[in-house]
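Colleague: Before I ask anything, here is the structure I am working with.
The values are calculated or read from the model by the stated rules, or taken from the named source; none is laboratory data. Remember, predicted model here, so these are calculated numbers, not experimental data. No Cβ is skipped: glycine too gets one built from the backbone with ideal geometry, and neighbour counts run over all protein chains shown. Side chains included, ligands, DNA and RNA excluded: accessible areas come from the protein's heavy atoms. Shrake-Rupley method; radii C 1.70, N 1.55, O 1.52, S 1.80 Å.
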Amino acid sequence: MRALIVGGGAAGLATALALHDRGVASTVLERRSPAAAAAGSRLTVAPNGLSAAAALGVLADLEAVGAPTDENLLVGATGRVLGTVSIGVPLASGLRGLTLRRADLVAVLAEHAAGRGVEVRADARVVEVDVADGAVRTERGERLRGDVLVGADGVRSLVRRAVDPGAPAPRYVGLTNFGGVTADPGIAAGLRPRAWTMVFGRRAFFGAHPLPSGEVVWFVNVPEPPIPAEVRATTTDDRWRERLVALVQDDAGPAAALIAAGRLELAGDSTYDLPRVRRWRRGTAVLVGDAAHAPSPSSGQGASMALEDGVVLGRELTAAGRGVEEGLAAFERARRRRVQRIVAAGARASSSKIPGPVGARVQESVMRLLFRTVVTERGGAWMTGARW
Ligand SMILES: Cc1cc2nc3c(=O)[nH]c(=O)nc-3n(C[C@H](O)[C@H](O)[C@H](O)COP(=O)(O)OP(=O)(O)OC[C@H]3O[C@@H](n4cnc5c(N)ncnc54)[C@H](O)[C@@H]3O)c2cc1C
């Protein structure tokens, strides 16, 4: 059996590694050049995703490039502490989460893939998908086919359009995303270590995480309509920073200072999720990662689900006595309920960042109660306690 994988992000590379470890060779086609793939912002991989990373043999290298994250400290606009929520059920080593650049996550997976002899082709954009034949055509006119065709090409997946032409378009979750990093050991020392401090601000949601280097990584979610591509292309970083500072300056904490002195890594990104893709597979083609089930970033689970998908697809596709189509059906059975539940949880987390019609004080009191009773490590154990 040979797999053809469209997309060299977390899902595509995890799938390639899992298949390789079970004796199946793959070719991964990635549209971006290695330099373009190095751009982008940070994310936190939850314990369930770290467990999948361990199953793929890449956890030690992720720990070398990531900062440990244990919890989220949740704060209101006035600085009132609303609660502390664990990132999730710890691994046996005590590790709960890792915050790292998305590019570093992908680079570690890509290095392992290259080291194990997986063929990963950069600058290989797929422009046509022939599901019936398990084949694709690249921008350069090359035609390739695999015994199994894996669509790991993200939330705007081309493979998904071929697998399920009626699939709903991605849904805007109502928030734009900005992210950056600021070298300020003074502010870093004042933040809770190994934690995201998250502020439910008056006009924006803000998060900051100190790194052992004395830098602070931060993000801002702004409730607003999606930002058009032409606005993104013509707005300077200085202008974005001014706008973000104006949005957070009335809130308690170091948000305004961090943004004003920081370097943007992500600007004007509009966030989409995929509520439900009816079909994940057709014949010998299957969707994984964001292509099948993009959650809102607020779930903190997209990368973890992508890694989990790879591990489970590798296992189900290579189980003894199964044909490809049976293996893909078993993969969907093993995954669908879990990922849909996580996508739904992510949509709820996104809407909690959008100030509602009730007053801030009332909203904060409700949240304090929720963070004590519902949004807890125990309450989320079904999600973060999964082990692979
Ligand atoms: C702002 C933001 C913050 C986030 N924070 C977190 C977080 O804290 N924790 C977390 O777990 N997740 C987070 N996520 C989600 C996470 O980044 C994604 O869920 C995860 O990267 C999905 O991996 P993937 O491989 O499925 O898709 P992608 O990462 O989108 O990878 C798809 C790949 O396919 C390639 N591709 C696309 N089309 C083609 C084509 N036609 N031909 C060839 N290649 C193609 C793309 O270039 C890309 O490399 C966040 C997302 C965003 C936007």
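Colleague: Just checking, which of 46, 18, 11, 52 is in contact with a helix residue (DSSP H, G or I) (Cβ under 7 Å, 6 or more places away or on another chain) and within 20 Å of residue 160 (Cα to Cα)?
Modeller: 11
Colleague: Which of the residues spanning region 369-388 are under 16 Å from residue 71 (Cβ atoms), in a helix (DSSP H, G or I) and open to solvent by 80 Å² or more (accessible area, probe 1.4 Å)?
Modeller: Correct list: 372 only.
Colleague: Another question, if that's okay. Restricting attention to region 16-34, which residues are within 9 Å of the ligand (Cβ to nearest atom), under 18 Å from residue 287 (Cβ atoms) and not in a strand (DSSP E or B)?
Modeller: 30, 31
Colleague: Looking only at region 322-331, decide whether some residue is at pLDDT 95 or above, within 15 Å of the ligand (Cβ to nearest atom) and farther than 22 Å from residue 40 by Cα.
Modeller: For region 322-331, residues at pLDDT 95 or above, within 15 Å of the ligand (Cβ to nearest atom) and farther than 22 Å from residue 40 by Cα: present.
Colleague: So, in region 62-102, of the ones that are within 21 Å of the chain's Cα centre (by Cα) and open to solvent by 60 Å² or more (accessible area, probe 1.4 Å), which residue ends up farthest from residue 363 (Cα to Cα)?
Modeller: Per the criteria, the residue is 64.
Colleague: Just to be sure I understand, how many residues within region 38-61 are touching a residue at least 60 places away in the same chain (Cβ under 8 Å), open to solvent by 30 Å² or more (accessible area, probe 1.4 Å) and in a helix (DSSP H, G or I)?
Modeller: Matching residues across region 38-61 total 2.
Colleague: Residues 211, 175, 144: which one is surrounded by fewer than 20 Cβ atoms within 10 Å (Cβ to Cβ) and within 14 Å of the ligand (Cβ to nearest atom)?
Modeller: 144
Colleague: Just for strands (runs of 3 or more DSSP E) wholly inside region 206-321: which have at least 2 residues that are under 24 Å from residue 158 (Cβ atoms) and over 17 Å from the mean Cα position of the chain (by Cα)?
Modeller: Counting at least 2 such residues, we get 285-287.
Colleague: Here is a follow-up. Taking region 282-300, which residues are of a type in the set (D, E, K, R) and surrounded by 23 or more Cβ atoms within 10 Å (Cβ to Cβ)?
Modeller: Scanning region 282-300 gives a single hit, 290.
Colleague: Which one of 135, 152 is in contact with a strand residue (DSSP E or B) (Cβ under 6 Å, 6 or more places away or on another chain) and near the ligand (Cβ under 10 Å from one of its atoms)?
Modeller: Matching residue, one of 135, 152: 152.
Colleague: Then there is this: Could you please give the count of residues in region 117-132 that are outside any strand (DSSP E or B) and open to solvent by less than 60 Å² (accessible area, probe 1.4 Å)?
Modeller: The number of residues fulfilling the criteria is 4.
Colleague: Could you tell me whether residue 329 is within 30 Å of residue 251 (Cβ to Cβ) and surrounded by fewer than 19 Cβ atoms within 10 Å (Cβ to Cβ)?
Modeller: no
Colleague: Considering only residues that are closer than 17 Å to residue 151 by Cβ and at pLDDT 95 or above, look in region 294-312 and name the one that is farthest from the ligand (Cβ to nearest atom).
Modeller: Going through the qualifying residues, I end up with 312.
Colleague: Of the numbered conditions (1) in a strand (DSSP E or B); (2) assigned by TED's automatic domain parsing to the domain that holds residue 140; (3) out of contact with any Gly (no Cβ under 6 Å at 6 or more places or on another chain), residue 75 satisfies every one except a single condition; which is it?
Modeller: For residue 75, the failing item is (2).
A quick yes/no check of all residues on (1) over 30 Å from residue 377 (Cβ atoms); (2) in the same structural domain as residue 17 (by TED's automatic domain parsing):
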position	(1), (2)
80	no, no
102	no, yes
109	no, yes
115	yes, yes
119	yes, yes
135	yes, yes
139	yes, yes
157	yes, yes
164	yes, yes
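Colleague: So, one more: Select from region 147-172 the residues that are assigned to a helix (DSSP H, G or I) and in contact with a Lys or Arg (Cβ under 8 Å, 6 or more places away or on another chain) and write down the one among them that is surrounded by the fewest Cβ atoms within 10 Å (Cβ to Cβ).
Modeller: Among those that are assigned to a helix (DSSP H, G or I) and in contact with a Lys or Arg (Cβ under 8 Å, 6 or more places away or on another chain), it is 162.
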